[in-house]
Amino acid sequence: MVKFKWESDFKETLFGEIPKDWNERKVDEIGDVGGGTTPSTKLKDYWDGDVAWITPNDLASHGFRYISRGERNITERAVRENSLKVYPSGTVLLTSRAPIGYVAIARNPVTTNQGFKNIIPKDGTNGEFLYYLLKNIVEYLRDIAGGSTFSELTATTLREVKVPYPSSTEQSHIATILSWFEGLIENKTKQNEILEKTSMAIFKRWFIAFELFKEGEFEPSELGMTPKGWKIRRLGDVCEIIMGQSPPSKYYNEDGEGLRFIQGKGQLGRYVPNTNVYCSNVVKLAKLNDVLVTVRAPVGELNIADNKYIIGRGLASLRSKYWVFVYLYLRVNNELLRALERGTTFDAITTQELETFPLLIPPQPILEKFHQLTEPLFQKIILNQRQITVLRKIRSALLPLLIFGKLRVEEI
């Protein structure tokens, strides 16, 4: 059973109040700081080896605590001839430029490019605690970075930063609590990826490769050879299309008054919207399981409505019984959708272009069977995504309280 207590006895530090019985330590005292480099891209013998080589882009697209590999690996020769340091598992990787503040932990030995300052935790320092600590002081690290062309956090500057430093036992307790939430988020995120890949694999087998229908007759169509009896239909024929319209800004709020409001891509999440903006004036409404598609700057970003939303002029809502089919069809054919965007001031797609977008529609029994197979998978994705949102909010609320000792973990 986990027991917490609120701390009441504090001392002032660079980062505000921390418990009086906590220490402060320079980063150099709690870990060994080092960097990385990029081997010459002209030497083929340096690349496609077995040594993990991480870049800031790898962390930007990763999103989890631990990282094993990046997009590219390097060879032992590259390590040797460029004096690259191979960091052990458990090293905390911190991007130090372009941008500053992405953090991850090496799951296995890795090397990095020059966009990192990596910290090997010393004895008594919990690597996961250090990971969460760095995530909580990112803005400060960005503020102290120097550079005339671009901001960069130097190793010298990082080593001198004094950070809150509880006992190793309390570090472990803090890391355990935060990692519990992180683990749930990661598991549900990975589960969603598997569910989506499964649905997409079924879609491609049925409606791209036609694997289940190869024994039947095929006939030419404007989309190539397709099974006999399948029809080319317009998106407007299979969906009710609701083009968004933005209410006056005086109706917007963040106090929960009205319904959640989505203006465009900025409020879309991985699968479902992620917005804190509400609107008290309903003009255009998306309903549960509507497919949301951006219709301007950029065109073609997709989400699924997990509730009612007021939609602004940057979005359209596609309402169909077969919403999973519509969503996956537009995912697979996204480049065709994006190719319709045009405009003098900003890229956009018109109502007519969206309505006349072509879809290859199978006979009703096939569509029904596909829907029966895939709708439960996407319902689980939506449920997981709702839970991920809640877990992230709890983790974000706990993070500064635990890292700075406002809330103490007495027992686990």
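A few points about this structure:
- When G49, G90 are screened for being in contact (Cβ under 8 Å) with a residue 12 or more places away in the chain and in a strand (DSSP E or B), only G49 passes.
- Subset of region 260-306 (residues that are in contact with a Lys or Arg (Cβ under 7 Å, 6 or more places away or on another chain), hydroxyl-bearing (S, T, Y) and over 13 Å from A316 (Cβ atoms)): T275, Y278
- In a residue-by-residue description of region 129-139, the property of being assigned by TED's automatic domain parsing to the domain that holds I30 and in contact with a Lys or Arg (Cβ under 7 Å, 6 or more places away or on another chain) applies to at least one position.
- Tally, over region 235-248, of residues that are surrounded by fewer than 14 Cβ atoms within 10 Å (Cβ to Cβ) and either part of a strand (DSSP E or B) or in contact (Cβ under 8 Å) with a residue 60 or more places away in the chain (or both): 2
- Any hit, region 322-341, residues being touching a His at 6+ places or on another chain (Cβ under 8 Å), within 30 Å of E211 (Cα to Cα) and part of a loop (DSSP other than H, G, I, E, B): yes
- Matching residues in region 295-321 - criterion: being of a type in the set (A, V, I, L, M, F, W, C), surrounded by fewer than 19 Cβ atoms within 10 Å (Cβ to Cβ) and part of a loop (DSSP other than H, G, I, E, B): A297
- Selected residue (only one of T95, T37, T41, T111 is assigned to a loop (DSSP other than H, G, I, E, B), at pLDDT 95 or above and either touching an Asp or Glu at 6+ places or on another chain (Cβ under 9 Å) or not basic (K, R) (or both)): T37
- For region 338-357, the count of residues that are in contact with a strand residue (DSSP E or B) (Cβ under 6 Å, 6 or more places away or on another chain), under 23 Å from P220 (Cα atoms), surrounded by 14 or more Cβ atoms within 10 Å (Cβ to Cβ) and hydrophobic (A, V, I, L, M, F, W, C) is zero.
- Y251 vs. criteria closer than 30 Å to I366 by Cα and surrounded by 15 or more Cβ atoms within 10 Å (Cβ to Cβ): no
- Of everything in region 367-412 that is part of a strand (DSSP E or B) and at pLDDT 95 or above, the residue that is surrounded by the most Cβ atoms within 10 Å (Cβ to Cβ) is R408.
- Condition check for I67: modelled with pLDDT of 95 or more, in contact with a helix residue (DSSP H, G or I) (Cβ under 6 Å, 6 or more places away or on another chain) and either of a type in the set (S, T, N, Q) or under 18 Å from E182 (Cα atoms) (or both): no
- Only a single criterion out of (1) assigned to a loop (DSSP other than H, G, I, E, B); (2) surrounded by 16 or more Cβ atoms within 10 Å (Cβ to Cβ) is not satisfied by M1, namely (2).
- Region 55-87, subset assigned to a loop (DSSP other than H, G, I, E, B) and more than 26 Å from the chain's Cα centre (by Cα), residue farthest from T154 (Cα to Cα): T75
- Options L268, L223, L285, L292: the member that is surrounded by fewer than 18 Cβ atoms within 10 Å (Cβ to Cβ), of a type in the set (A, V, I, L, M, F, W, C) and either within 24 Å of the chain's Cα centre (by Cα) or farther than 21 Å from E335 by Cα (or both): L285
The values are calculated or read from the model by the stated rules, or taken from the named source; none is laboratory data. All of these numbers come straight from a predicted model, not from anything done at the bench. Cβ atoms come from the backbone with ideal geometry, glycine included; neighbour counts cover every protein chain shown.
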